[in-house]
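Here is the structure we will look at.
The values are calculated or read from the model by the stated rules, or taken from the named source; none is laboratory data. Predicted, not measured: the structure shown is a model, and the values here were computed from it. Ideal geometry is used to build each Cβ from the backbone, glycine not excepted, and the neighbour counts take in all protein chains shown. Surface areas here come from the heavy atoms of the whole protein model, side chains and all, with no ligands, DNA or RNA. Shrake-Rupley method; radii C 1.70, N 1.55, O 1.52, S 1.80 Å.
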Amino acid sequence: MTRPTRTRATAVGATGIAAALTLAGLGALPALADEAPEQIVNGGFDSGTAPWWWTPTTEGAVVDGRLCADVPAGTLNAWDVIIGQDDVPLVAGESYTFGFTASATTDVAVRALIQEPVEPWATQIDERPQLTAEATAFEYVFTASADMEDAQVAFQIGGAEEAWTFCLDDVTLQGGAEPPPPYEPDTGPRVRVNQVGYLPDGPKGATVVTEATEALPWELADASGAVVAEGQTVPQGVDPSSAQNVHTIDFSAYTTPGEGYTLTADGETSHPFDLSGEAYQDLRVDSLSFYYPQRSGIEIDDAIAPGYGRPAGHVGVAPNQGDTEVPCAPGSGCDYSLDVSGGWYDAGDHGKYVVNGGISAAQLMGIYERSTHAPTADEGALDDGTLRLPETGNDVPDVLDEARWEMEFLLSMQVPDGEPLAGMAHHKMHDAEWTGLPLLPHEDPQPRYLQPPSTAATLNLAAAGAQCARVFEPFDAGFAAECLSAAEEAWAAAVANPDVIAPNTGVGGGAYSDPNVEDEFYWAAAELFLATGAQEYQDAVTDSPLHTDPDIFRPEGFDWGWTAPLGRLDLATVDSELPGRDQVRASVLAAADDYLATVAAHPYGSPYAPSDGVYAWGSNNLLLNNLVVVATAFDISGEEEYRDGVLAGVDYVFGRNALNQSYVTGYGENAAENQHSRWYANQLDASLPNPPAGTLSGGPNSQTGTWDPVAQENLAGCAPQFCYIDDIGSWATNELTINWNAPLAWVTSFVADQVDEDGGPVDPPTGACTVAYAAQTWPGGFTAQVRVENTGDEPVDGWTVGWTWPGTQRFGHGWNARFTHDGASVTASNLDWNRRIAPGGSISFGLNGTATGTAHPVPESFTLNGVRCE
Ligand code: 9MR
């Protein structure tokens, strides 16, 4: 049905072959006179490459606003290399104008098609535009011969002997029916708050989306509507993460506990919220009870997890092919089967991946381990009898019972003695093919295979196994020993096979490919050192370039693919004789300072600010892991600014964001509920439940190349914070996973610990030191003497004392220490001769300074090596 090509007004004249318009230097195409509906999504590549796709023979990328792709040499057919877009609707009998601009680094004819997306590939248009180095516009008019909901636009560019580069822009298909209106999220009131609640004595920030550029009045009302506080917003300009003009509100000064508060500004009233820490106590339990119904290999008891009871998955009962005797994947180089039943399903799929199971189990064990050393931790809150799981009542803290369920699976994934690569861990096990939704675990009919061992998985096992040995020692010494021997064996196997990298393929299960394992080596060495104190592991820690690298704590956060921070955080917090441990602890404080600066600068108070501005898959988890670092800084130092940074930073996850979305099921007025899952698939089958309360959604993902079809259809052109949809089909923005709920539980447990009987926060811990500060003052200046006493049992070997003057005092010069100063903030560090402070001993130093006026207020607190003194 293709009619002869219509030539548009052109500066160079029609070529007679195709409507060729040389664009170079002429600017954009003029708009068509008739505004027929546009059927192509993102034809100008202004919002990345989605929803365009390409064959594995090439890769598209946006270059200078166009989509460009290298076409390899030596393919046979035009269709061996394709760039296309699917789901283009056509209406029979309607006239369409198909246009695009293209260039090639070599003169070449390609195929431009609009066709069925499956056999017999019936075409509506099949053209052979001749491309040259100059960007040329082509235009074709045709009448659709059939109704098609999902036609495909395809540029078939294969078949050349030599490699060349194809560039494409301004793809348009105008005509036909109006496409459905673009997805518009319902973002509710423009005043954005933490819908779950603020601690009464904690920081309280909110964000207003407004066109106003000048400060606006705000009012805080209690549940009866009475105004209890008011103030002025602070304009923040346009936030790049949301492309919104925003103001911030700080109502920290109001501290009366209560429920149902609202904030009003610019004529909009926020969702209601509490000034109470209670919800965080509940969420601590829920976010950890998330794991029980994620378990494989055990019937989920509805009495324990009401609404979530289901038969055991993958225990060898048909149609399951069982996880009790899983063979190596065909052609993968081994020929045995392993019983790898148990463990947790990774996410919304039925796969089980050592490389992700390791970090998940480790962070759960870390929640427990933190409770044994963090000064503000409430150990009882994680004790036996605190969670909803079957092992409750066995005298083991429930969070450890849950972690053990995964640990035992991880141990079972180790290559047995006598086999090639013995001691390494299989990277993962999962279905042969991807399954559809919904599909309860016990109904999965797919064959499942062990995928080959990898160094990354082996080191995950080593790290988690070593931590398991530490935390289980008081409860089950036999299991602790089993964990340690598996960990040591895994370490030796990884050292012997340091570069076995899993391929980046994800058929039937996630890829979890991780080409860089230097961080896993560091993490595993750290955990093994902390478990054993052995010199070999200490050397592996101190020899790792990552040990002293200040940049391991990245703005992008950390996750399964970047585990170095896990090692550093545990080296900083778990007791050991590590030489230079003070520097390790100081490095956590320095990283936390950077995250605090991010929170302070971000108009939504977020601690997540990826350097390229692109929100990654699972951004909520990356954000929460940044808060794990800040919270650890508080545990180390007792400095309240770190605790406040965590309290402010979590607001984003609970609704203080561009979408006005709480990302945790069951928490907040507008909470996510359709996370991608094969068995919490209520959105697809009303007889199935939604995910349990306390389930974190992965959250905004602006890496358009990773998008699922739902994201492609609805989110094109989104600003990063908007690249999210609470739809079960959007695994790239809305999945649930075992590794994401772990930092949610970690941070929530921290927040819950900050709530005292009156609603918190509890008093911060102090270090084993006291500081005496005495100043002689005169108008314009002063001399101060500072004496620091070590009140602990251990000598201090090397010291840095820090403080901030509350007044106008500024440093001049000092003695008996090395000084740095920045405005009112000063640090004084030891010289060679006074680096040691014996238990009960003290050191002194002095300084002269200036001050305007006669007031010389004394610093409120001092730190010794980052820890606040009494
Ligand atoms: O969480 C993973 C994310 O970091 C990766 O970018 C993404 C693509 O490889 O995969 C994510 O993991 C998924 C896994 O591959 C399969 N199970 C569900 C996981 C969460 O979406």
Open item on the list: With a 1.4 Å probe and all protein chains kept in place, how much accessible area does R190 have, in Å² rounded to the nearest 10?
Closed with: 70 Å²
- [ ] Order M148, M424, most accessible first, counting only protein heavy atoms with a 1.4 angstrom probe.
- [x] M148, M424
TODO: For W833 and V858, compute 0.36 nm times the residue count separating them, minus their Cα-Cα distance, and round to one decimal in nm.
DONE: 6.2 nm
TODO: Calculate, in nm to one decimal, what A122 and V238 gain on full extension: separation in residues at 0.36 nm each, minus their alpha carbon distance.
DONE: 37.0 nm
Task: Kirkwood Rh in Å, taken over all unlike Cα pairs in the stretch 255-382 - done: 18.7 Å
TODO: State the Cα centre-to-centre distance between the stretch 509-530 and the stretch 302-343 in whole Å.
DONE: 26 Å
TODO: Would you please state which residues of the stretch 122-166 a label at T57 would reach in this model, taking the label point 7 Å out along Cα→Cβ and a backbone N cut-off of under 13 Å?
DONE: 155-164
Task: Cα centroid separation - the stretch 650-721 against the stretch 816-870, whole Å - done: 49 Å
Task: Alpha carbon centroid spacing (whole Å) that separates the stretch 365-424 from the stretch 152-203 - done: 41 Å
TODO: Please sort through the DSSP H helices of the chain and keep those with an alpha-carbon extent of at least 20 Å along the long axis and a Kyte-Doolittle average not below -0.5.
DONE: 354-373, 398-412, 455-472, 477-496, 518-532, 581-601, 619-637, 738-753
- [ ] Could you compute the FRET efficiency for T106 and V614, with r as their C-beta to C-beta distance and R0 at 35 Å, rounded to 0.05?
- [x] 0.60
Open item on the list: Test of understanding: extend the Cα→C-beta vector of A253 to 7 Å, then name every residue of the stretch 798-818 with backbone N under 15 Å from that spot.
Closed with: none
Open item on the list: Explain nothing, just the number: relative contact order of the chain, from Cα pairs under 8 Å at least 6 residues apart, as a whole percent.
Closed with: 11 percent
TODO: Sticking with the crude label model, points 7 Å out along Cα→Cβ, report the distance from A212 to N516 in nm, one decimal please.
DONE: 4.5 nm
Task: By average C-beta atoms within 10 angstrom, highest first, the peptides 286-298, 102-114 - done: 286-298, 102-114
Task: Estimated FRET transfer efficiency (V507, E35; beta-carbon r; R0 41 Å; 0.05) - done: 0.40
Open item on the list: Over the stretch 315-560, what is the relative contact order in percent, taking alpha-carbon pairs closer than 8 angstrom and at least six residues apart?
Closed with: 20 percent
- [ ] Place the peptides 208-215, 41-48 in order of packing, highest mean first, counting for every residue the other Cβ atoms within 10 Å and averaging per peptide.
- [x] 41-48, 208-215
Task: In nm, spacing of pseudo-spin labels at D793 and D147 (7 Å Cα→C-beta vector) - done: 8.2 nm
Open item on the list: Calculate the FRET efficiency for T435 and D335 from the Cβ-Cβ distance with a Förster distance of 22 Å, rounded to the nearest 0.05.
Closed with: 0.25
Task: Distance in nm between pseudo-label sites at T706 and A303 (7 Å out along the Cβ direction from Cα) - done: 4.2 nm
Task: Additional length obtainable on full extension of the chain from E870 to A492, 0.36 nm per residue less Cα span - done: 131.6 nm
Task: For the chain, calculated [θ]222 nm from helices alone, where every DSSP H run of n ≥ 4 adds -39500 (n - 2.57) - done: -7000 deg cm²/dmol
